[in-house]
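Here the structure is laid out as structure tokens; the discussion comes afterwards.
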Amino acid sequence: MKPVTITTLLAMKRAGEKITSLTAYDYSFAHLLDKAGIDVIIVGDSLGMVLQGHENTLPVSVDDMVYHSRCVARGCTRAFIVVDLPFMSYESGREQALSNAGRLLKEGRAHMVKLEGGRTMVDTVRFLTERGIPVCGHVGLTPQLVHQLGGFRVQGRDSQAAARIREDAQALQDAGASLLVLESMPVGLAEKISRDLAIPTIGIGAGPACDGQVLVLQDLLGIYPRPTPKFAKNFMHGADSIQTAIEAYAKAVRAGTFPGPEHSFAD
Ligand code: KIV
């Protein structure tokens, strides 16, 4: 099977084909996901919570991300690999962002880096993309700002907040981002952003109208011991193996049956 590239993802959006995505942090799971035809593997800083057991993603280091990215890359022949820049590895300036993003691509074998934030990140996104680093944006609930947001809360509920998120999404695309994660926002807002933008959107807790969907793998497997968000679905229910559960997830995303209303936030 041909490797997935940003061109593949753009063509999928244009054709109305849903993009499947999951997180992974190691070789064996990455191999399983790759074999199941998952298009995009996100090596998320969620690893700070689901692998390392922290309360949030803030303690994760660039070295952690490089290590897990390299493990994932060894398991993949087809999937497109997006790797998070962790908290405080890009905020102090574009040179810091370039140097850490470069490590994720050179040492971690990432295909693209992801960073959180809207208009405040425009300058950084432009700087990275003009220097050959593909960037995925991340708006809505940005978990690295958990303390500023007052918890892991749905974003964009009132019209002013929704308008700001739409503007942020547009600004990131204009700065050169070629993929955008939309997290924890009302269905209608994510639908408008996905329609407005030329680049693909990948939703998590953002309803079914996004161009693709992502879940944290441990949530799909139902093995995270702490409370999980409303949008998480345990696909091991009714599945006889991890492989079957991953395939059921991919099938439901492609068919547009996941996420349903019970896994989404109404307007
Ligand atoms: O950290 C993460 O795993 C993520 C994805 C859920 C998008 O940001």
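The values are calculated or read from the model by the stated rules, or taken from the named source; none is laboratory data. Quantities reported herein were computed from a predicted structural model and do not represent experimental measurements. Neighbour counts are summed over all protein chains in view; Cβ atoms, including those assigned to glycine, are modelled from backbone coordinates with ideal geometry. Side chains included, ligands, DNA and RNA excluded: accessible areas come from the protein's heavy atoms. Shrake-Rupley method; radii C 1.70, N 1.55, O 1.52, S 1.80 Å.
Checking each residue in the stretch 171-187 for being assigned to a helix (DSSP H, G or I) and surrounded by 15 or more Cβ atoms within 10 Å (Cβ to Cβ) picks out Ala171, Leu172, Gln173, Ala175, Val187. Is there a residue being under 30 Å from Lys192 (Cβ atoms) and either in a helix (DSSP H, G or I) or modelled with pLDDT under 95 (or both) anywhere in the stretch 233-242? No, the conditions are met nowhere in the stretch 233-242. Remark: Leu85 matches the filter, which requires a residue to be over 20 Å from Pro225 (Cβ atoms) and buried (at least 19 other Cβ atoms within 10 Å of the Cβ). Residue count for the stretch 19-64, restricted to those that are within 13 Å of the ligand (Cβ to nearest atom), touching a strand residue (DSSP E or B) at 6+ places or on another chain (Cβ under 6 Å) and part of a helix (DSSP H, G or I): 0.
For the stretch 191-217, the candidate set comprises residues that are closer than 20 Å to Val125 by Cβ and part of a helix (DSSP H, G or I); within that set, the residue that is farthest from the ligand (Cβ to nearest atom) is Asp196.
In the list Arg153, Arg157, Arg164, which residue meets the criterion of being open to solvent by 10 Å² or more (accessible area, probe 1.4 Å) and assigned to a helix (DSSP H, G or I)?
Arg164
Taken residue by residue, the stretch 38-51 has at least one member that is buried (at least 22 other Cβ atoms within 10 Å of the Cβ) and more than 21 Å from Phe235 (Cβ to Cβ). Considering only residues in the stretch 86-111 that are in contact (Cβ under 8 Å) with a residue 40 or more places away in the chain and under 22 Å from Ile165 (Cα atoms), the one that is farthest from the ligand (Cβ to nearest atom) turns out to be Phe87. Tell me whether the stretch 250-260 contains one or more residues that are closer than 22 Å to Val125 by Cα, small (Gly, Ala, Ser) and open to solvent by less than 60 Å² (accessible area, probe 1.4 Å). No: zero hits.
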